[in-house]
Amino acid sequence: MILLITHYFFPIFAQQINYNRINMNSVSQRIQALSPSQTLAMSQKSAELRSQGIDVINMSVGEPDFNTPDHIKEAAKKAIDDNFTFYTPVGGYLSLRKAICDKMKNENGREFTPDQIVVSNGAKQSLCNAILSIINPGDEVIIPTPAWVSYVEMVKLAEGVNVLVPASVEQDFKITPAQLEAAITPKTKMVLLCSPSNPTGSVYTREELKALADVLAKYPEIIILSDEIYEHINYTGEFCSIAEFPEVADRVVTVNGVSKAYAMTGWRIGFLAAPLWIAKATQKLQGQYSSNPSSVAQKAAEAAYVGSQDCIEEMRKAFERRRNLIVELLGEIPGLRINNPQGAFYIFPEVSAYFGKKNGDAVIKDSHDLSMYLLEEAHVATVEGAAFCAPDYIRLSYATSDENIKEAVARIKVALAKLA
Ligand code: PMP
Ligand code: GLU
């Protein structure tokens, strides 16, 4: 009876929805062409295994394992009490953009006005904003590889063409000026640089960046997108940005944020500092699809930039100690070729010596198989190199405790020794 009444008054409730008409093919081609983020997927997989009671050590996702410093958390709590709860300007509160200008001046020796700063939901959105605002269909973007998972996907979203320039472990994963110049064509619109690098930990020296800037000085139409999110996780004692060279400075878009330096990955605050025309374009884009990033998180980020910077050095020291530990331990495993990473918290061993080997039913054809084998056999989550356009490698994040690093590498050693 109730059903009959429902059917009479609200026929829509009683209708059978034909889901068969709506399927994967209805997803836009743009999204079908996109690969899911392997770093996030692997991390999720390891969380699922942990929830089943399996003791997985997660070395897949790259995020500091430290809590956000207390003074930053207090600023967020105060922001709520002080009612910083309304929409903010699309590109972020003026006070935060001023704090970022001060940071850029004091730490990087670069002058910006607040309207050249656009704050977004993490450096990830800042990068995507820049790419979508600059790249037309068919424009070429030069990406040195190994490269962080999202760059090529963002370029695909913009219908640009990825021009990958490989650099192997033998060259410490850094491209040479000759490689850069060989990749430039009349269609090149952008070059993407990431130093310190995810996934390799390599850091370009001042001389190396100067040599790349000298090449780019000859091509004034090329925009340089400089991802500096690991600026403070650096073991060389010196950070250098390509933007420091006057011959290219006026066309560098710098991306940075609070995620890594201040252990604030979940707060989602990043920014770009750019020539005004680019900042305005990205702000227009952001104004139409996400508006301002969280008001409370912005206040926390402001506290991070204006407050004591001691927390950065404490965490950096811990990462450096762990870098030393993992380099030493992985160096004892036969068949792994590693560099000595100078920044970030990743190490990227070349693992092809294990391809073609097996342990029972587990056959290792490539780094995907090896990464899955390590998850199943050693219960250590890593990320396959193909996700970073470097299929002979795997990535391990050492942003975890010394105990976890020791245990994980010991397990990896045992699992790899079983492959024959
Ligand atoms: N660039 C690189 C190289 C990264 O590793 C990350 C970390 N995901 C990002 C950008 C994005 O950082 P955020 O958390 O600020 O979005
Ligand atoms: N930067 C981290 C990583 O590479 C976070 C995950 C992501 O955003 O891809 O693991």
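Each residue, Leu40 and Asn340, gets one label point 7 Å from its Cα in the Cβ direction; the gap between the two is 3.7 nm. Treating each Cα of the chain as one equal point scatterer and applying the Debye formula with no solvent, the log10 of I(q)/I(0) at q = 0.09, 0.12, 0.14 Å⁻¹ comes out as -0.60, -1.01, -1.31. When only alpha carbons are used to place a centre, region 354-396 and region 267-296 end up 38 Å from one another.
Assuming a ≥ b ≥ c are the square roots of the Cα gyration tensor eigenvalues, decide whether region 300-406 counts as rounded (a/c under 1.5), prolate (otherwise, with a/b larger than b/c) or oblate.
Values: a/c = 2.55, a/b = 2.21, b/c = 1.15.
Note, shape of region 300-406 comes out prolate.
Name the trypsin sites (Lys or Arg not before Pro) in region 124-230 that are in a loop by DSSP and that have at most 14 other C-beta atoms within 10 Å, would you? Could you put the intermediate results ahead of the total?
Numbers: sites: Lys124, Lys156, Lys174, Lys187, Lys189, Arg206, Lys210, Lys218; in loops: Lys174, Lys187, Lys218.
Loop-located and lightly packed - Lys187, Lys218.
Restricting attention to the chain, close to 45% of DSSP beta bridges with both partner residues there are antiparallel.
What relative contact order, as a whole-number percentage, does the chain give when Cα pairs under 8 Å and 6 or more residues apart are counted? If you can, show how the numbers build up before the last one.
Numbers: 764 pairs, mean separation 88.2, N = 420.
Result for the chain is 21 percent.
Of the GluC sites (Glu not before Pro) found in region 192-244, those that fall in a DSSP loop while having at most 11 other beta-carbon atoms within 10 Å are Glu221, Glu238.
Here the Karplus curve 6.51 cos²θ - 1.76 cosθ + 1.60, taken at θ = phi - 60°, turns the phi angles of region 127-136 into couplings of 5, 5, 4, 5, 5, 5, 7, 10, 8, 9 Hz, with x standing for Gly and Pro.
Spatially, region 168-215 and region 21-51 are offset by 30 Å when compared through their Cα centroids. Annotation: per residue accessible area for the chain equals 46 Å², rounded to a whole number [probe 1.4 Å, protein chains only].
Dipole magnitude for the chain: computed about the Cα centre from +1 point charges on Lys and Arg Cβ and -1 point charges on Asp and Glu Cβ, it is near 900 debye. Extension gain for Asn25-Ala178 works out to 50.8 nm (0.36 nm per residue, less the C-alpha to C-alpha distance).
Apply the a/c threshold of 1.5 to the C-alpha gyration tensor of region 208-267 and tell me whether it is rounded, prolate or oblate.
Values: a/c = 3.78, a/b = 1.84, b/c = 2.05.
Judged from the Cα gyration tensor, region 208-267 comes out oblate (a/c at least 1.5, b/c at or above a/b).
Comparing Asn198, Ala183, Leu157 along the charge dipole axis of region 115-222, the residue lying farthest to the positive side is Leu157, per the Cβ-charge model.
If only the Cβ of Lys and Arg carry +1 and only the Cβ of Asp and Glu carry -1, the dipole of region 104-261 around its Cα centre is close to 260 debye. The length gained by stretching the chain between His71 and Val327 to full extension, at 0.36 nm per residue less their Cα-Cα distance, is 88.8 nm. Length gained on full extension, Glu48 to Leu94: 12.4 nm, using 0.36 nm per residue less the C-alpha separation.
Across the options Ile333, Ala297, Ala273, the greatest Cα extent toward the positive end of the charge dipole of region 196-334 (unit charges at beta carbon of Lys, Arg, Asp, Glu) belongs to Ala297.
Determine the share of region 205-357's accessible area contributed by carbon and sulfur atoms, expressed in whole percent, with a 1.4 angstrom probe.
Values: 3030 of 5700 Å².
Reported share for carbon and sulfur atoms: 53 percent.
Using a simple spin-label model with pseudo-atoms 7 Å out from Cα toward Cβ, Glu153 and Thr85 lie 3.4 nm apart. When only Cα pairs below 8 angstrom with a gap of at least 6 residues are kept, region 133-190 shows a relative contact order of 43 percent. Please list, by residue number, everything in region 297-335 whose backbone N is under 14 Å from a paramagnetic label point 7 Å out along Cα→Cβ of Glu376. Under 14 Å, as judged by backbone N against the label point of Glu376, lies no residue of region 297-335.
The values are calculated or read from the model by the stated rules, or taken from the named source; none is laboratory data. Since the model is a prediction, treat every value here as computed from it, not as a measurement. Glycine also receives a Cβ, built like all others from the backbone with ideal geometry; neighbour counts cover every protein chain displayed. For accessibility, only protein heavy atoms count, side chains too; no ligands or nucleic acids. Shrake-Rupley method; radii C 1.70, N 1.55, O 1.52, S 1.80 Å.
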